[in-house]
Amino acid sequence: MPYLLAAEADKIQDFIFRSSRLREVVGASQLLTRFCRSVEDTLARQHNGQVVVNDGGSFRIIFLTRDEAIAFGNELIELYRLVLGSSLTVAEPVELSSKFTDANEEIGRKLRWAKSRREGIVAEVHMPYVAFCASCGVALAEQRGRLGGQRASARSQYLCAICRTKTAERDRTSRVLLEDFYQAYCTVLEIDSKQDTDWPEDTDDVAAFDLGKRNYVAYLVADGNGMGQIFGMCDQKQIKDLSNELAQVLHESLAVPAAQFRKAMPGQAAMVPILPLILGGDDLFALIPAPYALDFARQFCLEWEKRMSVLTQKIGLIHIPRPTIAAAVVICKNTYPYALAHRRAETLLKEAKRQSKLLTAEIGEHLSAVNFEVILGNRLAGLEGEDNDRPIRASLRPYWVAENSLPTAARQQGIELKQLLEQRIELKDLPNKRLAELRHCFEDLPEMKVRDRIQQMSIWTKRRIDKILSRVGNTSREKLEKALESLGKPRNDSSGAHHWLSVTRNGEDLLAHGIPDLLEVWDFAQTLDHSPDEYAPQEEEA
């Protein structure tokens, strides 16, 4: 009787982010990918194992006997510890009956049970006269030297074996993560992939794309919606094909907006404009330029939807929900710690995924969603919080992503990201002074109760918005009125003389508006089909 074994790496992000520089982050991602791929031709073959899944730190392998499965699991744990300096959980193997999906569901339960009862890695014992690695600050140093990519004038530091391995992995001639993405990138651009590749070394290189010269960069995090359900519906061949081709879908989906960015800013053609940090399965973490960051995320989501639909049809997954993905963009200074940016992006991503799930549960629609935030200066993210007791919310985030028009029912829970980006170029000529007044206006909202919010917002509109509209020229006034309507609602509809849109969030009926979101991302909301010159303002006199 054959047996199915499952294994999964523990706290992958902790391993990848356990370094001070992006160079080691890329190296860690490549090291994990190469380790997973090498298992099929090495350890699995030695134990007569048939690999079904071996990507992103996750394994599903079939063995002829239980003893072979257990022996493989024990050796895999030790090999993973030696190579990556981290831990891996192996579930007790289960008998593989005629139906693969049943065995896969059972092994999934056993893997979750095993992971919940792990004690984790024991911390290194602190001893006198022992040095810790200057890069990760966790592992014991084994020698003193400089990491790859550092200037010759840089001081020598105490370094551990794993951080040195990560750096060496980043500089390998064959780089499984970067080269796979670069091949897709060159295919989209129709250029020769054999030419020397110029990759960003750190955030400074990507910050050079900031049109405002303020050294802002953006981090993009994404994760597929309902992928566990899709994998659970796969038979043995389908789950293998899906696992093998998911990474390619991710590479190609990311390559399309990257190529569009290169075309929009041809002066920066020499360097690849983004740096993938994590590319595994349906998980993405990448450093991207701050200009065009929101449209970059939007185009990525649309490409991922299309390519995933093609893939699922190709492998015979017919009766499944339309594949969608959630994304989060954090825009910050290039000096902002990448680990903190990722932590904030994960929080934003959870909200985007939750809204997509609620949309599906309530109206049966499947839509991708994008959430975002701008971290000004070097402040800590997410400190302000929302006042959940107020019946008004000065934001429409997260935003839906749709190829065509948004379904009518979905408009009760938000608007499309494309609408927000379209208003950026429509309002490009609005004087900076009026933009500042508009921003202050939405920051100074009246205190109100649910029962009188319509009346209060109508009064607020007449006092504040009408005052700003009276100060701009006729052309700008018309465009601003349209923007207020597009990112909210028509002013004189049945709900009162104001532009606030009534949306349902977390089971509550709230008034919300997209103008504050647009003002927050004003310098980063360009669309990839417009050049930077097209956004140059020509201010109209009041």
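Applying the condition of being over 31 Å from the mean Cα position of the chain (by Cα), among the aliphatic types (A, V, I, L, M) and within 30 Å of residue 155 (Cα to Cα) to segment 82-133 and asking which residue is modelled with the lowest pLDDT yields 125.
Residue count for segment 425-454, restricted to those that are farther than 21 Å from residue 393 by Cβ, surrounded by 16 or more Cβ atoms within 10 Å (Cβ to Cβ) and of a type in the set (Lys, Arg): 2.
Is it the case that some residue within segment 471-484 is out of contact with any helix residue (DSSP H, G or I) (no Cβ under 9 Å at 6 or more places or on another chain), part of a helix (DSSP H, G or I) and among the hydroxyl-bearing types (Ser, Thr, Tyr)? The answer is yes; a qualifying residue exists.
Selection within segment 74-98: residues that are without any contact (Cβ under 8 Å) to a residue 40 or more places away in the chain and part of a loop (DSSP other than H, G, I, E, B). The member of this set that is farthest from residue 112 (Cα to Cα) is 98.
When you go through (1) touching a helix residue (DSSP H, G or I) at 6+ places or on another chain (Cβ under 7 Å); (2) under 28 Å from residue 166 (Cα atoms); (3) in a loop (DSSP other than H, G, I, E, B); (4) open to solvent by 10 Å² or more (accessible area, probe 1.4 Å) one by one for residue 272, which number turns out not to apply? (4) is the only condition that residue 272 fails.
Restricting segment 377-401 to residues that are at pLDDT 85 or above and not aromatic (Phe, Trp, Tyr) leaves a set whose member that is surrounded by the fewest Cβ atoms within 10 Å (Cβ to Cβ) is 395. Here residue 353 meets each of (1) surrounded by 12 or more Cβ atoms within 10 Å (Cβ to Cβ); (2) at pLDDT below 90 with one exception, condition (2). Let me confirm something: among 196, 192, which residue is modelled with pLDDT of 75 or more and not in a helix (DSSP H, G or I)? Every option except 192 fails the conditions. Of all residues in segment 51-66, those satisfying the criterion of being part of a loop (DSSP other than H, G, I, E, B) and open to solvent by less than 50 Å² (accessible area, probe 1.4 Å) are 56, 57.
From the list 278, 320, the lone residue that is closer than 30 Å to residue 236 by Cβ, open to solvent by less than 40 Å² (accessible area, probe 1.4 Å) and assigned to a strand (DSSP E or B) is 278. Set side by side, the residues 40, 78 differ, and just one is over 30 Å from residue 181 (Cβ atoms), open to solvent by 10 Å² or more (accessible area, probe 1.4 Å) and within 32 Å of the chain's Cα centre (by Cα), which is 78.
The C-beta contact set for segment 513-529 (first residue over 21 Å from residue 457 (Cβ atoms), second residue assigned to a helix (DSSP H, G or I) and of a type in the set (Gly, Ala, Ser), distance under 7 angstrom, 6+ apart or interchain) comprises 524/293; 528/264.
For segment 412-424, a residue qualifies if it is within 24 Å of the chain's Cα centre (by Cα) and either open to solvent by 30 Å² or more (accessible area, probe 1.4 Å) or charged (D, E, K, R) (or both), and the qualifying residues are 416, 418, 419, 422, 424.
The values are calculated or read from the model by the stated rules, or taken from the named source; none is laboratory data. None of the values given here were measured: they were computed from a predicted structure. Every residue, glycine among them, receives a Cβ derived from its backbone with ideal geometry; neighbour counts consider all protein chains shown. These accessible areas exclude ligands, DNA and RNA; they are computed on the full protein's heavy atoms, side chains included. Shrake-Rupley method; radii C 1.70, N 1.55, O 1.52, S 1.80 Å.
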